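Notes to accompany the following structure.
The values are calculated or read from the model by the stated rules, or taken from the named source; none is laboratory data. Computed from a prediction, not measured in an experiment: that's the story for all the values here. Heads up, the Cβs are rebuilt from the backbone with ideal geometry, glycines too, and the neighbour counts pull from every protein chain shown. We work out accessible area using only protein heavy atoms, side chains counted, and drop any ligands, DNA or RNA first. Shrake-Rupley method; radii C 1.70, N 1.55, O 1.52, S 1.80 Å.
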Amino acid sequence: MAGQMLPPIALVAVAICITAAAAAKVPAIYVFGDSTADVGNNNYLTGAAVPRANFPHNGIDFPTSRPTGRFSNGYNGVDFLALNMGFRRSPPPFLAVANKTSNPLFRGLQGTNFASAGSGILDSTGQSIIPMSKQVQQFAAVQRNISARISQQAADTVLSRSLFLISTGGNDIFAFFSANSTPSSAEMQRFVANLVSLYTNHVKDLYVLGARKFAVIDVPPIGCCPYPRSLHPLGACIDVLNELARGLNKGVKDAMHGLSVSFSGFKYSIGSSHAVVQSIMKHPQRLGFKEVTTACCGSGKFNGESGCTPNATLCDNRHDYLFWDLLHPTHATSKIAAAAIYNGSLRFAAPINFRQLVDDQH
């Protein structure tokens, strides 16, 4: 509480936390979402249905060319955003450190990545994965662990200055579309309204647990990914998917604004991967891309009919491609997207960009 002195042990813990990432601009990053943000949680899950990327050709451009569980040839967007904030890359996956007793305090204090490929806003989205509701529960366990060690007050201080990054929603849209590929506009509106309502509840739950700075990544034009194109008889984008993405993005934008008005200390930025991908598709050469419809790694039409496996076709010039596999961006795309969202204009991040959110110390 304002005006109260922190106990000495708490001050030491906060000092260690802040110096542990001396170059970092926030004490920690806590990451929630799907395969756009997963850095290896799904490696620890069992079951044949779990989406995985812990095999080649994934990771071919990652340091030491190793597959980590990232759906990328190298880093994903979260890694590049973390780099912009002064970290080496994304914090580690929760399941990689959950069972390690060595130094859990500092692991938790520097952030954790809870994202799980295949997950969504709805508990019903995805099989054998970690839905958003469970990711929030996992963060609650980390928050309790931190509070138990450095006092609730010190934990509140650290968490209020930390960044809570959310990148989810695409899988919910794909699941809805696969169940009904020609929905009426009323069905689409109902579905989007329900998604936005649940998304809002997840954000409120994080706020109650101490989150104050929310960095949201919106849903790109997923109908233009190689996989949906491979389903279209003419190889075009699937409009219904793009319309649902736009609807969800608009709903989340309005909901986040509403929360910022209602909740004390609530700050946010929405980074538009949607605007970035649209810009690349519209002017590929300008941004250094040559191929914006076909995936670098995959098989079938647009390399979009199956995932990036060790036997899949692999392109030579990976930096020329917008898409790494049937649904995910390349290292090059993620780097550009993170730069635009972190430092860019209102077109790419609003109402402020991620840098302004990070720099806001009030």
| query | Could we say that Q356 is open to solvent by 20 Å² or more (accessible area, probe 1.4 Å), modelled with pLDDT under 95 and farther than 18 Å from P221 by Cβ here? | reply | no
| Residue tally, condition basic (K, R) and closer than 15 Å to A211 by Cβ, over region 244-273 | 1
| Among the candidates A13, A96, A23, A37, residue that is assigned to a loop (DSSP other than H, G, I, E, B), modelled with pLDDT under 95, at negative phi and small (G, A, S) | A23
| One residue from C296, C315 being surrounded by 22 or more Cβ atoms within 10 Å (Cβ to Cβ) and at negative phi | C296
| When the residues of region 31-49 are filtered to those that are among the hydroxyl-bearing types (S, T, Y) and in contact with a Ser or Thr (Cβ under 9 Å, 6 or more places away or on another chain), which remaining residue is least open to solvent (accessible area, probe 1.4 Å)? | S35
| field | Residue match in region 117-130 (condition: among the charged types (D, E, K, R), open to solvent by 20 Å² or more (accessible area, probe 1.4 Å) and closer than 25 Å to V358 by Cα) | value | no
| task | Hey, could you check region 268-289 for residues that are of a type in the set (V, I, T) and over 13 Å from the mean Cα position of the chain (by Cα) and say which is nearest to A337 (Cα to Cα)? | result | V276
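Per-residue answers, yes or no, for (1) under 20 Å from S124 (Cα atoms); (2) aromatic (F, W, Y); (3) surrounded by 15 or more Cβ atoms within 10 Å (Cβ to Cβ):
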position	(1), (2), (3)
S151	no, no, yes
S162	no, no, yes
G169	yes, no, yes
E187	yes, no, no
R190	yes, no, no
F214	no, yes, yes
L231	no, no, yes
D239	no, no, no
A245	yes, no, yes
